[in-house]
Amino acid sequence: MNSIDFADIVLKELQATLTKVSSEETGKLASAILEADSIFVAGAGRSGLMGKAFAMRLMHMGLDSYVVGETITAGITSQGLLILCSGSGETKSLLAMAEKAKAIGAKVALLTIVPDSAIGRIADLIVSIPAATKEGGHGGSQSVQPMGSLFEQSLLLLLDALILDLMSQKKLTSGTMFGKHANLE
Ligand SMILES: O=C([C@H](O)CO)[C@H](O)[C@H](O)COP(=O)(O)O
C-alpha cells in the first residue's frame, strides 16, 4: 500500500461518515449561526484547528466571529453562540467553557462523535459525526487512521459545507468574501 492507496481509503471513510450526518442537525446549526449576534468557536488539539478554519470563513462572511482564547476575542453575551468541536465531548476545558456560556445565557452547539457526553448533555444543539473516537471505535465506527483523524477531517469538510449553505442563504460569493481576507500576510 502506498500513500495514494491510503488516500483512497481515507476518502471512502469520509464519504461513509459524512453521508450519515443529519441535515436536520446541520440546518439547526446554520439557523443558530444566522440568529446569533456573535459566534465563538473552540476546540482542543486538531479538533480546534478545524474550528479555527471555520471561524475564519465566518469572519469572511461578515459575521462577528471569534476563536476562543485569542487576545482580541470579545466576551460572549446571552445573544451569542458558542460552537464547540470535540470528538469525545469530554474535553474538560471545553466543558468549562460550555458551562460558563450557558450560565451567561448563550447558546452552546457541539459537533461530536459522542452526543451522550458531558458537553453533549448540556449543549442546546448537537451535530453528530459518527466517526471513530481517538481511543478507538464508537458505536461500531472504525478507521484505519490514527486517533481522531477521521473525525477531524469530517469536521473540516462538514464545516466547509455548512459555509456553502450559509453563503447561499446570505447570497454571498467567494469574490465578496475575499474582500475581507487578511491583506497583511
Ligand atoms: O488533537 C486531538 C487528537 O489528535 C486526536 O486525534 C484531539 O482533537 C484533542 O485531543 C481534543 O480531543 P476532543 O475534544 O475529543 O476532540
With a sphere of radius 12 Å drawn around the Cβ of Ala98, what net charge do the other residues whose Cβ falls strictly inside it have (Lys, Arg +1; Asp, Glu -1)?
+2
Return the carbon/sulfur percentage of the accessible area of the chain, one whole number, probe 1.4 Å, all protein chains in place.
57 percent
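Can you give the local net charge around Cys85? Use residues other than it whose beta-carbon is closer than 11 angstrom to its beta-carbon, Lys and Arg +1, Asp and Glu -1. Write down the numbers at each step before the final one.
Values: positive: Arg46, Lys52; negative: Glu152.
So the surrounding residues net to +1.
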So for each of 122-129, 82-89, 159-166 I average, over its residues, the number of other beta carbons within 10 Å; can you give me the resulting order with the highest mean first?
82-89, 122-129, 159-166
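Only Lys, Arg, Asp and Glu count, each charged at its Cβ (+1, +1, -1, -1), so figure out the dipole size of the chain about its Cα centre, rounded to 20 debye.
Numbers: 15 positive and 18 negative charges, 50 e Å.
Charge dipole, the chain, about its Cα centre: 240 debye, nearest 20.
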Computed E for Lys52/Lys171 - FRET, C-beta separation, R0 22 angstrom, nearest 0.05:
0.30
Starting from the Cα of Ile104, step 7 Å along the direction of its Cβ; do the same at Asp160; then give the gap between the two resulting points in nm.
3.0 nm
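Hey, what's region 1-120 come to in accessible area per residue, 1.4 Å probe, Å²?
Working: 5840 Å² over 120 residues.
Result: 49 Å² of accessible area for each residue.
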How far apart, in nm, are two points set 7 Å out from the Cα along the Cα-to-Cβ line at Arg121 and at Asp64?
3.3 nm
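Which GluC sites (Glu not before Pro) from region 1-97 combine a DSSP loop assignment with at most 14 other Cβ atoms within 10 Å? Mind showing how you got there, number by number?
On the way: sites: Glu13, Glu24, Glu25, Glu35, Glu70, Glu90; in loops: Glu70, Glu90.
Answer by residue number: Glu70.
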Rounded to the nearest 20 debye, what is the charge dipole size of region 37-112 about its Cα centre when +1 sits on each Lys and Arg Cβ and -1 on each Asp and Glu Cβ?
140 debye
About the Cα centre, charge dipole magnitude for region 1-78 (Lys/Arg +1, Asp/Glu -1 at Cβ), debye:
120 debye
Given the DSSP H assignment, sum -39500 (n - 2.57) over each helix run of at least 4 residues in the chain and divide by its residue total; what's the result at 222 nm in deg cm²/dmol, nearest 500?
-15000 deg cm²/dmol
Give, as a single signed number, the net charge of other residues whose beta carbon lies under 13 Å from the beta carbon of Thr19, with Lys and Arg counted +1 and Asp and Glu -1.
+1
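The values are calculated or read from the model by the stated rules, or taken from the named source; none is laboratory data. All figures in this text were calculated on a predicted structure; none of them were measured in a lab. All Cβ positions, even for glycine, are placed from backbone atoms using ideal geometry, and neighbour counts span all protein chains on display. Just so you know, the surface numbers come from the protein's heavy atoms only, side chains and all, with ligands and any DNA or RNA stripped out. Shrake-Rupley method; radii C 1.70, N 1.55, O 1.52, S 1.80 Å.
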